[in-house]
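Q: Got a structure here, written out as structure tokens. Questions coming.
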Amino acid sequence: MRKFVLSLSICLQFLTSCGQDGDTTRARFTATEKKFSYHLGDSVIKLVALQYGKRSDIVMLNLHDDEITSVEAAKLVLEETGGVLIKIDNYNKRLLEFTINGKLYRFDPNRMFSLAGIRASLGKHSQVNKAATEAIRGFARFVLNKIPPPSPTLIALHNNDADRLTIASYMPGNDYGPDVSQVVSIPGADPDNFLFTTDTRIFRHLKDSFNIASQHNKKAVDDGSLSIYYGRRKKSYVNVEAEHGQLDEQVRMIRAVVGYIRK
């Protein structure tokens, strides 16, 4: 009997310690899910918003539904910190598809935040059409309206394939070199994992720990991406980009960004 009481006491002490604020390994927040539907032409596009706790100062956005690692990483962090995750539900596909009058259109949802970007994306993936262009502009406004206004920095979530898009892509002389004002590559760090921001304060704070590039908000080419949209409006944005499957590293990167926002 004495052994049973002693064992019970130890168990109760363990459970109590697990519930204390100092325990960061246990999930503290669960998600409340809301689903939204948008009629894009003759098709319906779904958007999912996950609210962890009551705070909305941390907002994360996933536009490419095939970039699964980024969503898994975001959920793990938001379970610890609270905040909001917004994502397009697109059957694990990158491009969105819709029809108007029986014609099929495809576009990249991270190229829909300017007229030039929409037209270029339609031209690349299907065909340019005025009605399709206007439909996509409406959907872009719909997505932007779901982002809670108090959020100081929008955290975008992306994944890439090995060696296709890296921090080296933003170095002088490379494809995206003209689009950035500053870039840092950490020796020994995986170049596939990097941060891309419109905010020089974030750049300065994290440049000693992560590969990071700061967008040149005036000179960067308007490709319709969300970074361009935020940069032209002098709003804070950071893309946490990691190679598919590198969950632990993407979690570490997101935690660092959240830590900066809440410092």
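Q: Does residue 81 fit the bill of being over 15 Å from the mean Cα position of the chain (by Cα), more than 30 Å from residue 252 (Cβ to Cβ) and open to solvent by less than 70 Å² (accessible area, probe 1.4 Å)?
A: On the way: over 15 Å from the mean Cα position of the chain (by Cα): yes; more than 30 Å from residue 252 (Cβ to Cβ): no; open to solvent by less than 70 Å² (accessible area, probe 1.4 Å): yes.
Against the criterion (over 15 Å from the mean Cα position of the chain (by Cα), more than 30 Å from residue 252 (Cβ to Cβ) and open to solvent by less than 70 Å² (accessible area, probe 1.4 Å)), residue 81 does not qualify.
Q: Answer yes if at least one residue in region 226-233 is free of Cβ contacts under 8 Å to residues at least 24 places away in the same chain and within 19 Å of residue 61 (Cβ to Cβ), and no otherwise.
A: yes
Q: A follow-up question, please. Looking at region 116-173, which of its residues are β-branched (Val, Ile, Thr) and under 20 Å from residue 103 (Cα atoms)? Reasoning before the result, please.
A: Step one: list which residues in region 116-173 are β-branched (Val, Ile, Thr), which gives 118, 128, 133, 136, 143, 147, 153, 155, 166-167.
Across region 116-173, the qualifying residues are 118, 128, 133, 136.
Q: Return a yes/no flag: does region 54-63 have any residue that is farther than 25 Å from residue 252 by Cβ and open to solvent by 10 Å² or more (accessible area, probe 1.4 Å). Steps first, answer last, please.
A: Taking region 54-63 as the starting set, the residues that turn out to be farther than 25 Å from residue 252 by Cβ are 54.
So of that shortlist, the ones also open to solvent by 10 Å² or more (accessible area, probe 1.4 Å) come out as 54.
Yes, region 54-63 contains at least one residue that is farther than 25 Å from residue 252 by Cβ and open to solvent by 10 Å² or more (accessible area, probe 1.4 Å).
Q: Also: Which one is least open to solvent (accessible area, probe 1.4 Å) among residues in region 168-200 that are closer than 25 Å to residue 245 by Cβ, touching a Phe, Trp or Tyr at 6+ places or on another chain (Cβ under 7 Å) and hydroxyl-bearing (Ser, Thr, Tyr)?
A: 197
Q: Regarding region 166-175, can at least one residue be identified that is within 19 Å of the chain's Cα centre (by Cα) and among the acidic types (Asp, Glu)?
A: Scanning region 166-175 turns up no residue that is within 19 Å of the chain's Cα centre (by Cα) and among the acidic types (Asp, Glu).
Q: Output the residues belonging to region 221-243 that are assigned to a loop (DSSP other than H, G, I, E, B) and closer than 18 Å to residue 150 by Cβ.
A: At the first step, the residues of region 221-243 found to be assigned to a loop (DSSP other than H, G, I, E, B) are 221-225, 233-236.
Matches in region 221-243: 233, 234, 235, 236.
Q: Restricting region 128-150 to residues that are buried (at least 19 other Cβ atoms within 10 Å of the Cβ) and within 26 Å of residue 72 (Cβ to Cβ), which is farthest from the chain's Cα centre (by Cα)? Reasoning before the result, please.
A: In the first step, residues of region 128-150 are kept if they are buried (at least 19 other Cβ atoms within 10 Å of the Cβ); the result is 132, 135-136, 139-140, 143.
Imposing the further condition that a residue be within 26 Å of residue 72 (Cβ to Cβ) reduces the set to 139-140, 143.
Details: 139: 18, 140: 15, 143: 13 Å.
Taking the candidates together, the pick is 139.
Q: Could you run through region 227-250 and say how many residues are under 12 Å from the mean Cα position of the chain (by Cα) and either hydroxyl-bearing (Ser, Thr, Tyr) or farther than 28 Å from residue 114 by Cβ (or both)? Lay out the reasoning, then the answer.
A: In the first step, residues of region 227-250 are kept if they are under 12 Å from the mean Cα position of the chain (by Cα); the result is 227, 237-242, 250.
Checking which are either hydroxyl-bearing (Ser, Thr, Tyr) or farther than 28 Å from residue 114 by Cβ (or both) leaves us with 227, 237.
Qualifying residue count for the region: 2.
Q: Could you figure out which of (1) surrounded by 24 or more Cβ atoms within 10 Å (Cβ to Cβ); (2) without any contact (Cβ under 8 Å) to a residue 40 or more places away in the chain isn't true of residue 238?
A: Residue 238 satisfies all of (1) surrounded by 24 or more Cβ atoms within 10 Å (Cβ to Cβ); (2) without any contact (Cβ under 8 Å) to a residue 40 or more places away in the chain except (2).
The values are calculated or read from the model by the stated rules, or taken from the named source; none is laboratory data. Since the structure is predicted, the reported quantities are computational estimates derived from the model, not experimental observations. Note that each Cβ is placed from the backbone with ideal geometry, even for glycine, and that neighbours are counted across all protein chains shown. These accessible areas exclude ligands, DNA and RNA; they are computed on the full protein's heavy atoms, side chains included. Shrake-Rupley method; radii C 1.70, N 1.55, O 1.52, S 1.80 Å.
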